[in-house]
1. Return the residues of the range 92-117 that are outside any loop (DSSP other than H, G, I, E, B), in contact (Cβ under 8 Å) with a residue 12 or more places away in the chain and farther than 23 Å from Ile41 by Cα; say none if nothing qualifies.
2. Answer yes or no as to whether Glu62 is assigned to a strand (DSSP E or B), touching a Lys or Arg at 6+ places or on another chain (Cβ under 6 Å) and over 15 Å from Leu35 (Cβ atoms).
3. Which residue pairs have Cβ atoms closer than 6 Å, lie 6 or more positions apart in sequence or on different chains, and pair a first residue in the range 67-87 that is modelled with pLDDT of 85 or more and among the acidic types (Asp, Glu) with a second residue that is loosely packed, with under 15 Cβ neighbours inside 10 Å and not in a helix (DSSP H, G or I)?
4. In the range 133-145, what residues are surrounded by fewer than 19 Cβ atoms within 10 Å (Cβ to Cβ) and at pLDDT below 90?
5. Inside the range 93-117, can you point out the residues that are over 21 Å from the mean Cα position of the chain (by Cα) and surrounded by 13 or more Cβ atoms within 10 Å (Cβ to Cβ)?
6. Which one is nearest to the chain's Cα centre (by Cα), of the residues in the range 118-141 that are of a type outside the set (Val, Ile, Thr) and closer than 16 Å to Ala159 by Cα?
7. Would you confirm whether or not the range 147-162 contains a residue that is assigned to a strand (DSSP E or B), over 13 Å from Ser84 (Cα atoms), at pLDDT 85 or above and not acidic (Asp, Glu)?
8. Of all residues in the range 123-146, count the ones that are part of a strand (DSSP E or B) and either within 20 Å of Leu33 (Cβ to Cβ) or of a type in the set (Ser, Thr, Tyr) (or both).
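The values are calculated or read from the model by the stated rules, or taken from the named source; none is laboratory data. Please read all numbers here as calculations on a predicted model, not as lab measurements. Cβ placement follows ideal geometry from the backbone for every residue including glycine, while neighbour counts extend to all protein chains displayed.
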Amino acid sequence: MKQYYYALPLLATLWSGVSAALPTYVIGNMTELKLQDFTPIKQYYKTENGVDLYAIAAYELELTTYGTVGVERMNFDYTGAIQSAWYSSNFAMTVSLYCDNTLLASDSYEGIRYERASYLVKPDIQLHSHPISAGCDTLKIRMDKLGSVARKYATKIQAVDMRLYLTVDF
(Lines give C-alpha, C1' and ligand atoms only; values in the text may rest on other atoms or scores of the structure.)
Protein backbone atom coordinates (compact mmCIF):
# COMPACT_ATOMS: atom_id res chain seq x y z
CA MET A 1 0.00 0.00 0.00
CA LYS A 2 2.85 2.34 0.79
CA GLN A 3 4.21 2.25 -2.80
CA TYR A 4 0.87 3.58 -4.15
CA TYR A 5 0.82 6.46 -1.65
CA TYR A 6 3.23 8.51 -3.82
CA ALA A 7 1.85 7.43 -7.19
CA LEU A 8 -1.14 9.79 -7.27
CA PRO A 9 0.83 13.02 -6.61
CA LEU A 10 3.47 11.90 -9.11
CA LEU A 11 0.88 11.22 -11.82
CA ALA A 12 -0.83 14.56 -11.11
CA THR A 13 2.49 16.37 -11.49
CA LEU A 14 3.26 14.61 -14.77
CA TRP A 15 -0.24 15.29 -16.13
CA SER A 16 -0.07 19.03 -15.29
CA GLY A 17 3.35 19.31 -16.95
CA VAL A 18 2.07 17.75 -20.16
CA SER A 19 -0.98 19.99 -20.43
CA ALA A 20 0.98 23.17 -19.68
CA ALA A 21 3.46 22.47 -22.49
CA LEU A 22 0.88 22.71 -25.28
CA PRO A 23 0.72 26.26 -26.66
CA THR A 24 -2.75 27.18 -27.84
CA TYR A 25 -4.27 30.34 -29.16
CA VAL A 26 -7.92 31.25 -29.33
CA ILE A 27 -8.90 33.60 -32.13
CA GLY A 28 -9.77 37.11 -30.92
CA ASN A 29 -7.34 37.27 -27.98
CA MET A 30 -4.18 39.34 -27.99
CA THR A 31 -1.12 37.40 -26.83
CA GLU A 32 2.14 38.91 -25.61
CA LEU A 33 5.18 36.89 -26.63
CA LYS A 34 8.56 37.02 -24.90
CA LEU A 35 11.96 35.52 -25.77
CA GLN A 36 11.37 32.50 -23.52
CA ASP A 37 8.26 31.58 -25.55
CA PHE A 38 10.39 30.86 -28.63
CA THR A 39 12.55 27.81 -29.31
CA PRO A 40 16.09 28.70 -30.42
CA ILE A 41 17.16 27.11 -33.71
CA LYS A 42 20.91 26.44 -33.68
CA GLN A 43 23.42 26.19 -36.52
CA TYR A 44 26.93 24.74 -36.29
CA TYR A 45 29.51 27.55 -36.13
CA LYS A 46 32.95 26.05 -35.50
CA THR A 47 34.98 23.69 -33.36
CA GLU A 48 37.22 25.36 -30.79
CA ASN A 49 39.51 23.35 -28.48
CA GLY A 50 37.61 20.19 -29.40
CA VAL A 51 34.23 21.70 -28.54
CA ASP A 52 31.56 22.32 -31.17
CA LEU A 53 30.12 25.83 -30.98
CA TYR A 54 26.66 26.65 -32.28
CA ALA A 55 25.09 29.95 -33.22
CA ILE A 56 21.45 30.65 -32.51
CA ALA A 57 20.35 31.32 -36.08
CA ALA A 58 16.61 31.70 -35.54
CA TYR A 59 13.76 31.55 -33.05
CA GLU A 60 10.54 29.70 -33.72
CA LEU A 61 7.14 29.37 -32.08
CA GLU A 62 4.26 27.21 -33.19
CA LEU A 63 0.75 27.82 -31.85
CA THR A 64 -2.31 25.65 -32.25
CA THR A 65 -5.26 27.87 -33.11
CA TYR A 66 -8.91 27.31 -32.33
CA GLY A 67 -11.87 28.97 -34.01
CA THR A 68 -10.76 28.80 -37.65
CA VAL A 69 -12.89 25.92 -38.94
CA GLY A 70 -14.58 27.04 -42.16
CA VAL A 71 -12.86 30.44 -42.07
CA GLU A 72 -11.66 31.77 -45.43
CA ARG A 73 -10.15 35.12 -44.37
CA MET A 74 -8.27 36.27 -41.27
CA ASN A 75 -6.60 39.36 -39.89
CA PHE A 76 -3.03 38.93 -38.63
CA ASP A 77 -1.29 41.62 -36.54
CA TYR A 78 2.22 40.91 -35.27
CA THR A 79 4.04 43.93 -33.83
CA GLY A 80 6.56 44.79 -31.15
CA ALA A 81 10.30 44.93 -30.61
CA ILE A 82 13.39 42.71 -30.55
CA GLN A 83 16.44 43.90 -28.62
CA SER A 84 20.02 42.73 -28.90
CA ALA A 85 22.87 43.22 -26.44
CA TRP A 86 24.61 46.56 -27.01
CA TYR A 87 27.86 44.84 -28.04
CA SER A 88 26.10 42.82 -30.75
CA SER A 89 26.53 45.69 -33.17
CA ASN A 90 24.16 46.14 -36.07
CA PHE A 91 21.89 43.19 -36.71
CA ALA A 92 19.03 42.27 -38.97
CA MET A 93 16.22 39.75 -38.78
CA THR A 94 13.60 38.34 -41.08
CA VAL A 95 10.27 37.72 -39.41
CA SER A 96 7.88 35.27 -41.08
CA LEU A 97 4.33 34.14 -40.33
CA TYR A 98 3.09 30.74 -41.50
CA CYS A 99 -0.40 29.29 -41.44
CA ASP A 100 -0.38 25.48 -41.65
CA ASN A 101 3.19 25.69 -43.06
CA THR A 102 2.12 28.10 -45.82
CA LEU A 103 3.99 31.40 -45.77
CA LEU A 104 1.63 34.31 -45.13
CA ALA A 105 4.09 37.17 -44.90
CA SER A 106 7.77 37.82 -44.39
CA ASP A 107 9.68 41.02 -43.87
CA SER A 108 13.22 42.01 -42.86
CA TYR A 109 14.08 44.52 -40.19
CA GLU A 110 17.36 46.06 -39.08
CA GLY A 111 18.56 47.24 -35.69
CA ILE A 112 21.61 49.44 -35.22
CA ARG A 113 24.10 50.21 -32.49
CA TYR A 114 25.13 53.77 -31.81
CA GLU A 115 27.24 55.02 -28.88
CA ARG A 116 26.99 51.79 -26.84
CA ALA A 117 23.22 51.52 -27.28
CA SER A 118 21.33 49.07 -29.46
CA TYR A 119 18.27 50.31 -31.22
CA LEU A 120 15.43 47.88 -31.53
CA VAL A 121 14.25 45.81 -34.46
CA LYS A 122 10.54 46.59 -34.71
CA PRO A 123 8.66 44.01 -36.77
CA ASP A 124 5.24 45.12 -37.92
CA ILE A 125 3.33 42.59 -39.99
CA GLN A 126 -0.31 43.43 -40.57
CA LEU A 127 -2.44 41.40 -42.94
CA HIS A 128 -6.08 42.37 -43.15
CA SER A 129 -8.73 40.17 -44.73
CA HIS A 130 -5.98 37.78 -45.80
CA PRO A 131 -7.24 34.66 -47.62
CA ILE A 132 -6.42 31.30 -46.03
CA SER A 133 -7.05 28.06 -47.84
CA ALA A 134 -8.79 25.87 -45.26
CA GLY A 135 -8.69 27.46 -41.85
CA CYS A 136 -5.51 27.95 -39.89
CA ASP A 137 -4.99 25.14 -37.41
CA THR A 138 -1.35 25.99 -36.74
CA LEU A 139 0.31 29.40 -36.76
CA LYS A 140 4.12 29.45 -36.84
CA ILE A 141 6.24 32.51 -36.16
CA ARG A 142 9.88 32.38 -37.21
CA MET A 143 12.50 35.06 -36.57
CA ASP A 144 15.74 34.47 -38.49
CA LYS A 145 18.97 36.35 -37.84
CA LEU A 146 20.49 37.56 -41.09
CA GLY A 147 24.13 37.46 -42.12
CA SER A 148 27.01 35.05 -41.79
CA VAL A 149 27.18 32.35 -39.12
CA ALA A 150 29.82 34.46 -37.35
CA ARG A 151 27.38 37.40 -37.28
CA LYS A 152 24.61 35.12 -35.94
CA TYR A 153 27.00 33.82 -33.27
CA ALA A 154 27.98 37.34 -32.17
CA THR A 155 24.44 38.74 -32.12
CA LYS A 156 22.87 38.07 -28.73
CA ILE A 157 19.13 38.67 -28.57
CA GLN A 158 18.30 39.91 -25.07
CA ALA A 159 14.58 40.53 -25.23
CA VAL A 160 11.55 39.92 -27.41
CA ASP A 161 8.42 41.92 -26.69
CA MET A 162 5.88 41.09 -29.39
CA ARG A 163 2.12 41.17 -29.59
CA LEU A 164 0.05 38.79 -31.72
CA TYR A 165 -3.58 39.50 -32.49
CA LEU A 166 -5.61 37.23 -34.76
CA THR A 167 -9.21 37.82 -35.76
CA VAL A 168 -11.60 36.16 -38.14
CA ASP A 169 -12.81 38.23 -41.06
CA PHE A 170 -16.39 37.38 -42.03
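1. Answer for the range 92-117, where residues must be outside any loop (DSSP other than H, G, I, E, B), in contact (Cβ under 8 Å) with a residue 12 or more places away in the chain and farther than 23 Å from Ile41 by Cα: Arg113, Ala117.
2. The answer is yes for Glu62.
3. Asp77/Gln126
4. Answer for the range 133-145, where residues must be surrounded by fewer than 19 Cβ atoms within 10 Å (Cβ to Cβ) and at pLDDT below 90: Ser133, Ala134, Gly135, Asp137, Thr138.
5. Ile112, Arg113
6. Quick first cut of the range 118-141, residues of a type outside the set (Val, Ile, Thr) only: 118-120, 122-124, 126-131, 133-137, 139-140.
Then drop every residue that is not closer than 16 Å to Ala159 by Cα, which leaves 118-120, 122-123.
Numbers: Ser118: 21, Tyr119: 20, Leu120: 17, Lys122: 14, Pro123: 12 Å.
Out of the qualifying residues, it is Pro123.
7. yes
8. 14
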